[in-house]
């Protein structure tokens, strides 16, 4: 049975259970039930859905592993052609199995034929070609047998899955209905259920993060097995060559990242902060209602558009001043300054919006106190409001910094691709993120250090931004003033 | 206007702070036909009142009667509220404080304010008190400033409690201490009038007693205006009392007379607890 139907049936059972549970309590008579009727309904629905869906998800995740394990055991060493791997043969097996499914559903083969067909007697490739399934090579007998086994196992698996899920749903229905009597505390049970659902949503987000980190870690370890870590962290040269013998020192990339982020922050922090002070302290409510959304439009622009802006507008503009016709500091439009300026513009709404919220959170009583002593507006802001808001503002700046460090598109288009250690902000440089992109795009061998280095770079970046975020949180907590 | 007012006063239009020499118990602030609007709401109607120098004046009345609003008119704190509009005449030492040429910042240095909730700045105790003198340039050097801070803290009756921890944050003090710190902070700028908006409403009885004692001492140098919800407090600390009801000034007179022999029946009802 298709999974969609299974889901619909369970949902229908849950709906029926809800109505039945509700009805059972309302018609039972006797003393007033502990909870409102709806709670008894929800209790039944929950008991139908939660175990059934949990089983469904676990089964759907586990079945491919089990089947793959069993089928790949059938493939002997001889069946794997020269230069191929077990993985490639298994993907052939899956394609043939899918092809047989398609052929059966189109009526070219009967179900029995698909199960009993033999490669020795039939040209599978042509038969499946009729069904619109293109295979790259002729199907060997062993692969075909494996594919048939694969189909059989999956069919059995699906059958048992349907039975198990329906059985669980029915058992839940019976259990829930049995509880639908006046003394049962349905309200508390539903409350617990809600808590568990919310908890699982939260833990899913955390587990995903853990999964991302783990995948980074495993690939990073793999990289350091084939490339020495001392070279990676010690070398000052970045010159990957896919022919081998590349030098993969991280320092030029880290320096580029740091330099571009620094320029971006030098642009974004003063402008963003002053904009926030203006919006929250000086602007009238009408001005604020217009200006704040307009400023936040900047945050909605995709970074690739900023990248184009850097490449086509800011770069040539800088070049005309600092280039060969001007001061002759700049060789080409792509440079640290180009990317830094544009990234700074991108970060302005980030800094201003967060700082604006923080400044607004400073209690009005502090402003009153300062004005009441005869302070002017700017004295009040400089001496009372900004000190009170400082931890939050520092947090906002650090968040903007971690955003700058992780930014990719502006750098790819605006800063060039040369990894170099230079102090001249008009030189082309590149960052960690841009290099991750260039190492993973193209048809490099995925097991080579030149491709795997991307994971080590990603891990370094992750550790850096994580450290920055933790530091930001620490600052915010440590210096936060407590207002009741 | 009273002839006494014009004598011995100096223009305060953007002028640096100078102590004016006013006769004891002369009229310090004269308000005439004051109207206050919050958007469309008419919050204060036709209030005329003369506030005397070196006297504690209490504003009493039920919640929402406009006494805090009127208090905030006296140092133009209502300017910070966009929708608020003030009409009528309010004079400090004979000068119209709503005149266009008056700098509200200078005015507020002369008419200090203490708020309902203690609001120490997130700075050290010392810097809290030194804030006003610093921005108004009252101290020539550090020693001068130290002296001003100590004097203000002594006048705020909190010196003995904080003298050993002047560099600790003012927010770390207890509620009563914070309020006395705020009073010291207001006193440090050498105002001529001190406005207090329910200064004891967040304090326990002991701290309240300390603040009341302090108000009584402040009377020797300043004109003090206090808004309070506590009739006992008004009776204890004030010499003059004004009773506000629904935006009107119902009755204004000697505290003893208001509490023992009120003229208006509404005043009597409020004092005896029938309205409010």
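Scan the stretch B:90-103 for residues that are within 14 Å of chain A (Cβ to nearest Cβ) and surrounded by fewer than 18 Cβ atoms within 10 Å (Cβ to Cβ) and jot them down.
Answer for the stretch B:90-103, where residues must be within 14 Å of chain A (Cβ to nearest Cβ) and surrounded by fewer than 18 Cβ atoms within 10 Å (Cβ to Cβ): just B:103.
For the stretch B:67-89, which residues satisfy the criterion of being away from chain A (no Cβ under 14 Å) and in contact with a helix residue (DSSP H, G or I) (Cβ under 6 Å, 6 or more places away or on another chain)?
Going residue by residue through the stretch B:67-89, those that are away from chain A (no Cβ under 14 Å) are B:67, B:70, B:85-89.
B:86 - this is the single residue of the stretch B:67-89 that is away from chain A (no Cβ under 14 Å) and in contact with a helix residue (DSSP H, G or I) (Cβ under 6 Å, 6 or more places away or on another chain).
Report the residue count in the stretch A:406-452 for those that are under 13 Å from residue A:252 (Cβ atoms) and part of a helix (DSSP H, G or I).
3
Determine whether the stretch B:188-204 contains at least one residue that is within 11 Å of the chain's Cα centre (by Cα), over 24 Å from residue B:252 (Cα atoms), part of a helix (DSSP H, G or I) and touching a residue at least 12 places away in the same chain (Cβ under 8 Å). Explain how you work it out, then say what you get.
Within the stretch B:188-204, the subset within 11 Å of the chain's Cα centre (by Cα) is B:191-199.
Still in the list and also over 24 Å from residue B:252 (Cα atoms): B:191.
Now narrow it down to the ones that are part of a helix (DSSP H, G or I): none.
The answer is no, given that none of the residues of the stretch B:188-204 is within 11 Å of the chain's Cα centre (by Cα), over 24 Å from residue B:252 (Cα atoms), part of a helix (DSSP H, G or I) and touching a residue at least 12 places away in the same chain (Cβ under 8 Å).
Regarding residue A:413, is this residue surrounded by fewer than 21 Cβ atoms within 10 Å (Cβ to Cβ), more than 14 Å from chain B (Cβ to nearest Cβ) and either touching a strand residue (DSSP E or B) at 6+ places or on another chain (Cβ under 8 Å) or over 30 Å from residue B:196 (Cβ atoms) (or both)? Break it down into steps so the answer makes sense when it comes.
On the way: surrounded by fewer than 21 Cβ atoms within 10 Å (Cβ to Cβ): no; more than 14 Å from chain B (Cβ to nearest Cβ): yes; either touching a strand residue (DSSP E or B) at 6+ places or on another chain (Cβ under 8 Å) or over 30 Å from residue B:196 (Cβ atoms) (or both): yes.
For residue A:413, the condition - surrounded by fewer than 21 Cβ atoms within 10 Å (Cβ to Cβ), more than 14 Å from chain B (Cβ to nearest Cβ) and either touching a strand residue (DSSP E or B) at 6+ places or on another chain (Cβ under 8 Å) or over 30 Å from residue B:196 (Cβ atoms) (or both) - is not met.
If you scan the stretch B:219-232, which residues turn out to be buried (at least 22 other Cβ atoms within 10 Å of the Cβ) and either in contact with a helix residue (DSSP H, G or I) (Cβ under 7 Å, 6 or more places away or on another chain) or within 14 Å of chain A (Cβ to nearest Cβ) (or both)?
Passing the criteria: B:224, B:225, B:226, B:227, B:228.
Of the residues B:149, B:105, which single one is part of a helix (DSSP H, G or I) and modelled with pLDDT under 90? Steps first, please.
On the way: B:149 fails: modelled with pLDDT under 90.
Answer to the check: B:105.
Is it fair to say residue A:66 is more than 15 Å from residue A:184 (Cβ to Cβ) and in a helix (DSSP H, G or I)? Walk me through how you get there before you give the answer.
On the way: more than 15 Å from residue A:184 (Cβ to Cβ): yes; in a helix (DSSP H, G or I): yes.
Considered against the rule, which asks whether it is more than 15 Å from residue A:184 (Cβ to Cβ) and in a helix (DSSP H, G or I), residue A:66 comes out as yes.
Looking at A:264, A:201, A:205, A:291, can you tell me which residue is touching a residue at least 24 places away in the same chain (Cβ under 8 Å) and assigned to a helix (DSSP H, G or I)?
Going through A:264, A:201, A:205, A:291 in turn, the sole match is A:264.
Considering only residues that are at negative phi and in contact with a helix residue (DSSP H, G or I) (Cβ under 6 Å, 6 or more places away or on another chain), which ones fall in the stretch B:91-107? Break it down stepwise before answering.
As a first pass, look at the stretch B:91-107 and keep what is at negative phi: B:91-92, B:95-107.
Correct list: B:97, B:104.
Can you say whether residue A:109 is touching a helix residue (DSSP H, G or I) at 6+ places or on another chain (Cβ under 7 Å) and under 30 Å from residue A:187 (Cα atoms), as far as the supplied structure shows? Break it down into steps so the answer makes sense when it comes.
Working: touching a helix residue (DSSP H, G or I) at 6+ places or on another chain (Cβ under 7 Å): yes; under 30 Å from residue A:187 (Cα atoms): no.
No: the conditions fail for residue A:109.
Could we say that residue B:134 is within 10 Å of chain A (Cβ to nearest Cβ), surrounded by fewer than 23 Cβ atoms within 10 Å (Cβ to Cβ) and assigned to a helix (DSSP H, G or I) here?
So residue B:134 passes the test.
Any residue at all in the stretch A:343-357 that is free of Cβ contacts under 8 Å to residues at least 40 places away in the same chain and either more than 13 Å from chain B (Cβ to nearest Cβ) or crowded, with 16+ Cβ neighbours inside 10 Å (or both)? Steps first, answer last, please.
If we filter the stretch A:343-357 for residues that are free of Cβ contacts under 8 Å to residues at least 40 places away in the same chain, which is where we start, we get A:357.
Remaining after also requiring either more than 13 Å from chain B (Cβ to nearest Cβ) or crowded, with 16+ Cβ neighbours inside 10 Å (or both): A:357.
Checking the stretch A:343-357: at least one residue is free of Cβ contacts under 8 Å to residues at least 40 places away in the same chain and either more than 13 Å from chain B (Cβ to nearest Cβ) or crowded, with 16+ Cβ neighbours inside 10 Å (or both).
How many residues are touching a helix residue (DSSP H, G or I) at 6+ places or on another chain (Cβ under 7 Å), within 15 Å of residue A:364 (Cα to Cα) and more than 9 Å from chain B (Cβ to nearest Cβ) when one looks only at the stretch A:381-398?
Residues meeting the conditions: 3.
Any residue at all in the stretch A:326-333 that is part of a helix (DSSP H, G or I) and either away from chain B (no Cβ under 14 Å) or in contact with a helix residue (DSSP H, G or I) (Cβ under 6 Å, 6 or more places away or on another chain) (or both)?
No.
Within the stretch A:230-241, is even one residue in contact with a strand residue (DSSP E or B) (Cβ under 8 Å, 6 or more places away or on another chain) and assigned to a helix (DSSP H, G or I)? Can you show your working first?
So the first thing to find is which residues in the stretch A:230-241 are in contact with a strand residue (DSSP E or B) (Cβ under 8 Å, 6 or more places away or on another chain), and the list is A:231-232, A:235, A:237-240.
From what is left, the residues that are assigned to a helix (DSSP H, G or I) are A:231-232.
Yes, there is a match, as at least one residue in the stretch A:230-241 is in contact with a strand residue (DSSP E or B) (Cβ under 8 Å, 6 or more places away or on another chain) and assigned to a helix (DSSP H, G or I).
Right, residue A:195: modelled with pLDDT under 90, surrounded by fewer than 18 Cβ atoms within 10 Å (Cβ to Cβ) and on the phi < 0 side of the Ramachandran plot or not?
Numbers: modelled with pLDDT under 90: no; surrounded by fewer than 18 Cβ atoms within 10 Å (Cβ to Cβ): yes; on the phi < 0 side of the Ramachandran plot: yes.
No.
Of the numbered conditions (1) over 17 Å from residue A:416 (Cβ atoms); (2) without any contact (Cβ under 8 Å) to a residue 24 or more places away in the chain, residue A:323 fails exactly one; give the number of that condition.
(1)
Could you say whether any residue in the stretch A:361-372 is surrounded by 17 or more Cβ atoms within 10 Å (Cβ to Cβ), part of a loop (DSSP other than H, G, I, E, B) and either in contact with a strand residue (DSSP E or B) (Cβ under 7 Å, 6 or more places away or on another chain) or not assigned by TED's automatic domain parsing to the domain that holds residue A:261 (or both)?
No, because not a single residue in the stretch A:361-372 is surrounded by 17 or more Cβ atoms within 10 Å (Cβ to Cβ), part of a loop (DSSP other than H, G, I, E, B) and either in contact with a strand residue (DSSP E or B) (Cβ under 7 Å, 6 or more places away or on another chain) or not assigned by TED's automatic domain parsing to the domain that holds residue A:261 (or both).
Do we find that residue A:370 is modelled with pLDDT under 90 and within 12 Å of another protein chain (Cβ to nearest Cβ) in this structure?
On the way: modelled with pLDDT under 90: no; within 12 Å of another protein chain (Cβ to nearest Cβ): yes.
No; evaluated as a whole, the condition is false for this residue.
Name the residues in the stretch B:108-130 that are buried (at least 23 other Cβ atoms within 10 Å of the Cβ), in a helix (DSSP H, G or I) and within 13 Å of chain A (Cβ to nearest Cβ), would you?
B:108, B:109, B:128, B:129, B:130, listed by residue number.
The values are calculated or read from the model by the stated rules, or taken from the named source; none is laboratory data. Quick caveat, the model's predicted, so the values are computed rather than measured. In this analysis, Cβ positions are derived from the backbone assuming ideal geometry, glycine residues included, and neighbour counts consider all displayed protein chains.
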